[in-house]
Amino acid sequence: MTGDYGVTFARLRDAAGPVWRDYTHHVFVEGLGAGTLPRKAFLGYLVQDYVFLIHFARAWALAVTKADTIDEMRACAATVNALVNHELGLHVATCAKAGLSEADLFAAEEHQANLAYTRYVLDAGHSGDFLDLLAALAPCVMGYGEIGARLGPVAEDHPYAGWIATYAGDEYQQVCREAGALMDAAVTRRLGPEPQATPGWARLCRRFTTATRLEVGFWEMGQSLGH
């Protein structure tokens, strides 16, 4: 059972159509849930996701500069803190058990799927406005929340219990709800009470759907790293 991540997210998710399920039910995700994903694929994904989160944090920092209100600035700054000081720790701790230091992770060569996704999100922020950036950021934030809630809880001896527990847990689910509330308020502030009737709505749907397709590509990358 997934949480309520806001009206705007639900509308954008619906507009994305089948690509959203392609992302949240990808074979990589199903392998995580079943515990059958090759460990090599998981560790390769984690290394790339560490690099991804570095750029993701930069994108949320950019959102601080795009914000219109102090509440928006605080929400985005809090997300930067959560990414840099907490979520990255999951990757560091897991990879350390496999003999990889944080220095190794930071120095990892960035896969082209990672480059495509992270630079798209950053470009959305640089070339667009606050809503463009949020629409490009949302699939990662809320998608992992949906995936975690669907896969968890699992037994402690499940091979990917730590990863699933992180995204299924109350703390991350609250992050998703807060991000959803931020999006709802930001859309209403800029596009009014009926955003779907405005010219800007179609652009946000395209941003969200493109970012979702790039998430699918990220899972494909992870799957390939297991071979």
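Rule-based calculations on the coordinates, nothing more; no lab input. From a predicted model like this one, the values you see are computed outputs, not experimental measurements. Using ideal geometry, Cβ is built from the backbone for each residue, glycine included, and neighbour counts are taken over all protein chains shown.
Which listed residue (ALA197, GLN173, HIS227) has the Cα farthest towards the positive end of the charge dipole for segment 172-227, taking +1 on Lys and Arg C-beta and -1 on Asp and Glu C-beta about the Cα centre? Farthest towards the positive pole: ALA197.
Which one of LYS40, LYS66, LYS97 has the biggest mean-square fluctuation once the chain is modelled by GNM with Cα springs under 10 Å? Of LYS40, LYS66, LYS97, the Gaussian network model singles out LYS97 as fluctuating most. A value for volume of the Cα convex hull per residue in Å³ was derived from the coordinates, and within the list (1) 124; (2) 137; (3) 112 it appears as (3). Between segment 154-194 and segment 1-31, how many Å separate their Cα centres? Here the answer is 12 Å between Cα centres.
With each label modelled as a point 7 angstrom along the Cα→C-beta vector, the GLU178-ASP104 pair spans 3.2 nm.
Computed from backbone phi, the HN-Hα couplings of segment 159-172 come to x, 10, 4, x, 5, 5, 4, 4, 8, 8, x, 4, 5, 6 Hz, rounded to whole numbers (Karplus: 6.51 cos²θ - 1.76 cosθ + 1.60, θ = phi - 60°; Gly and Pro given as x). Coupling constants for segment 40-48 follow from the phi torsions by the Karplus curve (6.51 cos²θ - 1.76 cosθ + 1.60, θ = phi - 60°), and in residue order they are 4, 5, 5, 5, x, 4, 4, 4, 5 Hz; glycine and proline get x. Residue by residue, segment 22-31 carries 3J(HN,Hα) couplings of 4, 6, 7, 10, 4, 4, 4, 5, 5, x Hz when phi is fed to the Karplus relation 6.51 cos²θ - 1.76 cosθ + 1.60 (θ = phi - 60°); x denotes Gly or Pro.
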